[in-house]
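Everything below concerns the one structure shown next.
The values are calculated or read from the model by the stated rules, or taken from the named source; none is laboratory data. Computed from a predicted structure; not experimentally measured. Here the Cβ positions follow ideal geometry from the backbone for every residue, glycine too, while neighbour counts run over all protein chains shown. Calculation scope for accessible area: heavy atoms of the full protein, side chains included, ligands and nucleic acids excluded. Shrake-Rupley method; radii C 1.70, N 1.55, O 1.52, S 1.80 Å.
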Amino acid sequence: MGKGRLKITENYDNIDWKPVILVLSAYAYSLLGEKKFSNRRENLAYEFAMESITRYLENPEKFDPSRNPDLIYFLKFNLLRRLVSN
């Protein structure tokens, strides 16, 4: 992991989830918006982050690294975004 945004493009079976949770929580927090969930936004963001990780761990075969090798991208834009919008 260098400067810039967090990327996971290899060693998908050996992941330190702490920084991933922070990145996903921050992204979910931004997606939730300020007005609708102001008093519980932080907790919801964390729950959405954890749920997206859980869904990945339950079905890792849905992640296709040949399409895009960045697992963070998959978690943010395929799982987390869908969870928040639903």
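When you scan the stretch 1-15, do you find a residue that is out of contact with any Phe, Trp or Tyr (no Cβ under 9 Å at 6 or more places or on another chain), among the small types (Gly, Ala, Ser) and either at pLDDT below 95 or surrounded by 15 or more Cβ atoms within 10 Å (Cβ to Cβ) (or both), even just one? For the stretch 1-15, residues out of contact with any Phe, Trp or Tyr (no Cβ under 9 Å at 6 or more places or on another chain), among the small types (Gly, Ala, Ser) and either at pLDDT below 95 or surrounded by 15 or more Cβ atoms within 10 Å (Cβ to Cβ) (or both): present.
Within the stretch 16-41, being surrounded by fewer than 14 Cβ atoms within 10 Å (Cβ to Cβ), of a type outside the set (Lys, Arg) and either under 15 Å from the mean Cα position of the chain (by Cα) or part of a helix (DSSP H, G or I) (or both) holds for 16, 17, 19, 22, 26, 30. Answer yes if at least one residue in the stretch 49-63 is open to solvent by 70 Å² or more (accessible area, probe 1.4 Å) and either in a loop (DSSP other than H, G, I, E, B) or hydroxyl-bearing (Ser, Thr, Tyr) (or both), and no otherwise. Checked the stretch 49-63: no residue is open to solvent by 70 Å² or more (accessible area, probe 1.4 Å) and either in a loop (DSSP other than H, G, I, E, B) or hydroxyl-bearing (Ser, Thr, Tyr) (or both). Contact annotation: residue pairs with Cβ atoms under 9 Å, 6 or more positions apart or on different chains, pairing a residue in the stretch 54-72 that is in contact (Cβ under 8 Å) with a residue 60 or more places away in the chain with a partner that is assigned to a helix (DSSP H, G or I), are 71/20; 71/56; 72/20; 72/23; 72/24.
For the stretch 64-77, a residue qualifies if it is in a helix (DSSP H, G or I), farther than 12 Å from residue 6 by Cα and open to solvent by 60 Å² or more (accessible area, probe 1.4 Å), and exactly one does: 77.
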